[in-house]
Each structure stands twice: as C-alpha cells, then as structure tokens.
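Let me begin by presenting the structure, written as structure tokens, before commenting on it.
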Amino acid sequence: MTGPRREQTMAVTPARFRALFPALRSSIWLDTPGSPPAARPVTAALRDVLDDWDSGSFSWINWDGAADRARTRFASYLGVDAGQVAAVGSVAEAAATVARSVPPGRVVVPEQEFRSASFPWYERHEVVTVAPRDGVTRTEDLIDALDERCRMLVVSAITSRDGQRLDLAALRAASDAVGAQMFIDLTQSLGVLAVDDDTMRADYLAVHGYKWMLAPRGAAWLVARTDRCAGLRPLAANWHSTTRPLGYFGGPPDLAPDASRCDASPAWFAWLGAVAALDLLRTLPAARVQRHCVDLAQELVRGAAEFGMHPLATTASHIVVFPTRTPDRIAAELVAAGVRATVSADRVRFGVHYFNEASDIDSVLAALRRAH
C-alpha cells in the first residue's frame, strides 16, 4: 500500500459542510456510528438517477461503470493503487473473500468485534476470541493472544461497541513477530481519522462507505496489500470478475489480474451515490476534519466527567461511549433535546462528524446532566 492521501488544498469549513445536511436543521446528529444523515450532493445525484430511470433517459452502461469510477476516487482518497481495490457490497463480503482466499488457520478476533467482520472466519478457520476487560477491547490483550499458530488478526481501527482506538502500530509489530497477517475494518474511522503508515501496512483493509464516508449502504471496498492481491479469490465470481473490457456471455473464467477479480456485481444506485459522496469527501481538509471531530468528542468527555460520567474507552477518538444504568431516562432526555444517538441496554454512544459543532455538544451535555 502506497500511503495515505495528502491534505486537500481546498478548505471546506465545518459550517459550510454542515449546510449540506438538511436534517441538521431539526436534529442534533451524533449517531453517525449507526448512520449519518444524507448530504445534499449525494441525494441530488440519486434524485437525478431516479429521474433518469423514470423518464427512460438513463444509460445502464454508464450506471454500471459507477463502481469503477468510485474505485478510482476511493483509491485516490486512501492513497493506494486502484488495482489493490475490490468493489464489494459490505464488510462481511470483504471479510468472507479474504477468509476464503487464505489457507485455513487460527484467527484472533476481539470477542466484541462487529459480526460482519468476525462471523465470516468461522466457516474455514479456527477462531480465537479475546474477551474485553472492564468492557473494553484492549490492544495488549490482543497481543497476548497472538502466537506462532495465528494466521490472521482481525480488528476494527475503532471499536464500534466501545469507541476504543486500537494501537495498530503495536498490533502490526506483534503480528509480524509471529508471522500473522492483519485484516483491519476501517468502517468506523475512514472519513474522519487520518490513515497512517501503520494502518497502510495491513495485509487487508475493508470499509463500508455508509457511515463516516456518507455513501449509500451497499458500497464497500476491500483493499489488499500489493503482495496479497495475487492470492485473492472471488467469493462469487461474476461478469465483473474478468479482465477489461467486460464481456457478457460464455468463455473461460478469465479473472482480472488485480483485486478487481473480487468485485461484486454492482448494485448501481449505491455506487452512483458513492461517487457523489467521494467527490464531496475529497474536498475536505483531512487534518482539520480529524482535529475538529476528536476535539469536540473530548469536549463531551470532559463535560460529562463533571457530573460523574466517564467513557468506556481508554483512548481518544471521535466516538464516545458511556456506560449507563439508566438507558431509558437518557434516551428520553436525548429525544426531548432533539439529539440523535444510539442508546442500548447498558451504554449510550455518540459520534462526532465534521458537520457537528460546539452547540451540539452543549445540548448533549445538558440532556445527560438532566438524566444523570
């Protein structure tokens, strides 16, 4: 992998970015770890698609090329060669593709890993789960589980359940020491957090674009390190798995020489929306986005500490998860304040995107204080 993208020269402020989300006129949105509101450039692109479909003025060939156009934009955004990228439909499909492509062996996975990243390994591999400690997945516990029998370490850069930011440099070093590969799910980080050199050393990266990258659900990417591409095998070979130009009927399964051999047959509308989302993301100043989001999240952490609420995670990120014994009370106060977040039986989760502002954090803190 060649490395992360550089800072964009065209700076878009949080206020300008916020103005692109109509839902923010009536909602305080801190539920991007579940799903963000729609950005106007993306919905405009999808409305154009529906209008063209309705009128019959569309070109299905143009629609079908959207996955390739999105691949090119995504590769540029991440800083990799487009030949390293497969266009798939979900993280589960990405994980299942790699799980099928590598020989059976021992796979280490956090016990609380999101199921789309963890379940695909069970069919052909021996899966070893690492339990959380004090409710949190910890880097050192994952390292302790690695030994010479391990073939793959599967982790999320940011854990979805507790908001922990794992030490990918330490995990890469520990994996290298025992000869294990790494599969990293970037779904809860790409679009906000910078991708550093240690992340780019992963053997495989996967990301579903419908969260922080603002794309419709159904557009996802699998990225293989250059030396791993040749070993990839398609999970469900189809007419997009072959060398270009694509054919339709008959002939041998002449698989593409790069990661595109693992492309899914594309759901057109998702990929047309993904192109628009990537065009928007590529205008954002990457370092400023990360700073803005992490700083606001830490304002939430500091403010909640004043009335005795402390996050589960021991590391700072743009996702903050608080344990709670009063989820119903918190949920009611958040709804009353117009705040969108995820409240479950024992925790409440907030996620800060570039469109959030300080007043959003103030509203959340007021609601939490009332519920506390």
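Has the stretch 88-97 got any residue that is over 30 Å from ASP360 (Cα atoms), free of Cβ contacts under 8 Å to residues at least 40 places away in the same chain and surrounded by fewer than 14 Cβ atoms within 10 Å (Cβ to Cβ)? No, the stretch 88-97 contains no residue that is over 30 Å from ASP360 (Cα atoms), free of Cβ contacts under 8 Å to residues at least 40 places away in the same chain and surrounded by fewer than 14 Cβ atoms within 10 Å (Cβ to Cβ).
When the residues of the stretch 99-118 are filtered to those that are of a type in the set (A, V, I, L, M, F, W, C) and under 15 Å from THR187 (Cβ atoms), the one that is most open to solvent (accessible area, probe 1.4 Å) is PHE114. Would you check if PRO252 is in a loop (DSSP other than H, G, I, E, B), open to solvent by 20 Å² or more (accessible area, probe 1.4 Å) and either touching a Ser or Thr at 6+ places or on another chain (Cβ under 8 Å) or at pLDDT below 95 (or both)? Answer is yes for this residue. Being free of Cβ contacts under 8 Å to residues at least 40 places away in the same chain, part of a helix (DSSP H, G or I) and surrounded by fewer than 21 Cβ atoms within 10 Å (Cβ to Cβ): is that true of ALA230 here? For ALA230, the condition - free of Cβ contacts under 8 Å to residues at least 40 places away in the same chain, part of a helix (DSSP H, G or I) and surrounded by fewer than 21 Cβ atoms within 10 Å (Cβ to Cβ) - is met. Annotation: ALA206 fulfils all but one of (1) closer than 26 Å to PRO104 by Cβ; (2) surrounded by fewer than 22 Cβ atoms within 10 Å (Cβ to Cβ); (3) within 21 Å of the chain's Cα centre (by Cα); the unmet one is (2).
State all residues of the stretch 168-203 that are in a loop (DSSP other than H, G, I, E, B), more than 19 Å from ALA94 (Cβ to Cβ) and without any contact (Cβ under 8 Å) to a residue 40 or more places away in the chain; if no residue qualifies, say none. Of everything in the stretch 168-203, just one residue is in a loop (DSSP other than H, G, I, E, B), more than 19 Å from ALA94 (Cβ to Cβ) and without any contact (Cβ under 8 Å) to a residue 40 or more places away in the chain, namely GLY179. Screening the candidates PRO266, PRO327, PRO323 for the property of being under 27 Å from THR137 (Cβ atoms), touching a residue at least 24 places away in the same chain (Cβ under 8 Å) and touching a strand residue (DSSP E or B) at 6+ places or on another chain (Cβ under 9 Å) yields one hit, PRO323.
All told, VAL98 falls short of being touching a Gly at 6+ places or on another chain (Cβ under 8 Å) and in a helix (DSSP H, G or I). In the stretch 45-60 there is no residue that is touching a residue at least 24 places away in the same chain (Cβ under 8 Å), at negative phi, under 22 Å from the mean Cα position of the chain (by Cα) and outside any helix (DSSP H, G or I).
Can you confirm whether the stretch 150-163 contains a residue that is among the hydrophobic types (A, V, I, L, M, F, W, C), part of a loop (DSSP other than H, G, I, E, B) and modelled with pLDDT under 95?
Scanning the stretch 150-163, I find no residue that is among the hydrophobic types (A, V, I, L, M, F, W, C), part of a loop (DSSP other than H, G, I, E, B) and modelled with pLDDT under 95, so the answer is no.
If you go through the stretch 119-173 and keep only what is charged (D, E, K, R) and open to solvent by less than 20 Å² (accessible area, probe 1.4 Å), you end up with ASP162, ARG172.
Among the residues of this structure, ALA44 counts as one that is surrounded by fewer than 19 Cβ atoms within 10 Å (Cβ to Cβ) and modelled with pLDDT of 95 or more. Against the test of being at pLDDT below 95 and open to solvent by less than 20 Å² (accessible area, probe 1.4 Å), the options THR187, THR199 yield a single qualifying residue, THR199. Looking across VAL136, VAL108, VAL88, one residue alone is hydrophobic (A, V, I, L, M, F, W, C) and more than 18 Å from ASP203 (Cβ to Cβ). It is VAL136.
The values are calculated or read from the model by the stated rules, or taken from the named source; none is laboratory data. Just so it is clear, the model here is predicted, and its values are computed rather than measured. A quick note on method: Cβ atoms are made from the backbone with ideal geometry, for glycine too, and the neighbour counts reach across all protein chains shown. Surface accessibility is based on the protein's heavy atoms, side chains included, excluding ligands, DNA and RNA. Shrake-Rupley method; radii C 1.70, N 1.55, O 1.52, S 1.80 Å.
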